[in-house]
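Let me begin by presenting the structure, written as structure tokens, before commenting on it.
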């Protein structure tokens with residue numbers, strides 16, 4: 001190849017490189033131009049999971065000393081607080097009657113901890129629960145029951161699943177030598193499934209667990225679990241989706257890391273039918289692509305059709321670029337579309353029937369940037 005041809009080839013490669021860089025920059029600049037002006041979050045840091053109980057939405061900042069709840073007061077929705085009597089906030093759960101709170105007694109969550117019960121009827125802290133030899137690390141509610149994940153203090157790699165027995169008012173171990181409990185969900189037949197981070201999924205029977213994990217979930221590193229249209233759906237930290245179809249779990253790889261944040265999204269344009277399952281994600285490696293993904297539901301039932309918000313209809317956002325430039329840059333650790341008042345939420349959808357563009361807010365706990373919300377077509381920090 002002569003010098004002239006070499007020079008032409010080099011020039012072509014330089015021009016091609018500049019075109020590709022320009023296209024990438026255009027995309028970056030376009031996302032930046034759509035980024036909403038950041039707000040200061042009312043609930044900052046790393047918020048807990050989000051739970052709904054008796055027309056209130058509860059959350060708070062992990063390792064803080066306050067629980068925040070979103071409720072109607074004098075026909076106005078606003079945030080109010082409940083102060084912990086002692087210790088620092090871990091996570092929240094409910095049995096449908098009371099609020100249960102994981103409390104770390106000092107700033108080291110691996111040491112002493114307890115579960116406190118908050119009675120909404122009397123607005124008082126009326127019970128506390130501990131387990132000798134274990135530090136409680138997680139707490140979940142399903143089927144009017146409370147479960148917790150305990151870490152053995154003599155061996156940090158050894159975990160147990162705990163069950164709150166109301167008859168004896170105590171937490172008892174129902175499975176030793178397992179992985180950390182990461183979620184609980186009840187299907188329409190009343191069967192409760194418990195998800196663990198490395199030991200798979202187990203079925204709860206009365207006061208005990210089945211000896212072996214559910215078929216197809218052995219050693220699965222699960223991060224979340226939920227009831228979707230009567231079926232159980234679970235996700236793993238490595239991107240696998242587990243879906244209970246006709247009593248048997250099938251799997252699919254979504255190519256993303258799921259945080260365990262999960263909620264069913266109702267479509268205002270389809271008579272409030274369940275249309276999507278929102279799934280929190282954390283970008284792999286050095287990726288800055290976080291946020292959540294959408295599983296399309298078929299008549300309210302789970303599928304393996306996973307897409308990004310803003311792609312195709314139905315979708316939870318009206319502008320994909322705004323989504324990508326806002327919540328899409330933050331790992332989502334918990335997510336919830338505010339339910340209607342008839343489903344235990346704090347607001348009445350009926351009031352907004354005259355506004356075809358209205359949608360109920362969505363709350364999302366980010367990894368480090370506080371509680372965010374989706375309002376009027378825009379994701380931003382909840383202030």
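The values are calculated or read from the model by the stated rules, or taken from the named source; none is laboratory data. The structure displayed is predicted, hence computed values, not measured ones. We place every Cβ from the backbone using ideal geometry, glycine too, and count neighbours over all the protein chains shown.
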Answer yes or no: is there a residue in the stretch 254-266 that is at pLDDT 95 or above, surrounded by 13 or more Cβ atoms within 10 Å (Cβ to Cβ) and over 27 Å from residue 202 (Cβ atoms).
-> yes
Would you confirm whether any residue within the stretch 34-43 is loosely packed, with under 10 Cβ neighbours inside 10 Å, modelled with pLDDT of 50 or more and in a loop (DSSP other than H, G, I, E, B)?
-> yes
Kindly indicate which of 180, 209, 222, 162 is crowded, with 16+ Cβ neighbours inside 10 Å, within 28 Å of residue 134 (Cβ to Cβ) and modelled with pLDDT under 95.
-> 209
Restricting attention to the stretch 176-185, does a residue exist that is farther than 16 Å from residue 94 by Cβ and part of a loop (DSSP other than H, G, I, E, B)?
-> yes
Can you find even one residue in the stretch 287-297 that is on the phi > 0 side of the Ramachandran plot and either over 20 Å from the mean Cα position of the chain (by Cα) or modelled with pLDDT under 95 (or both)?
-> no
Any chance residue 342 is free of Cβ contacts under 8 Å to residues at least 12 places away in the same chain, touching a strand residue (DSSP E or B) at 6+ places or on another chain (Cβ under 7 Å) and surrounded by fewer than 22 Cβ atoms within 10 Å (Cβ to Cβ) = no
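Table: residues versus (1) surrounded by fewer than 17 Cβ atoms within 10 Å (Cβ to Cβ); (2) within 24 Å of residue 345 (Cα to Cα); (3) touching a strand residue (DSSP E or B) at 6+ places or on another chain (Cβ under 9 Å); (4) at pLDDT 95 or above.
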residue	(1), (2), (3), (4)
66	yes, yes, yes, yes
80	yes, yes, yes, yes
83	yes, yes, yes, yes
91	no, yes, yes, yes
103	no, no, yes, yes
116	no, yes, yes, yes
125	no, yes, yes, yes
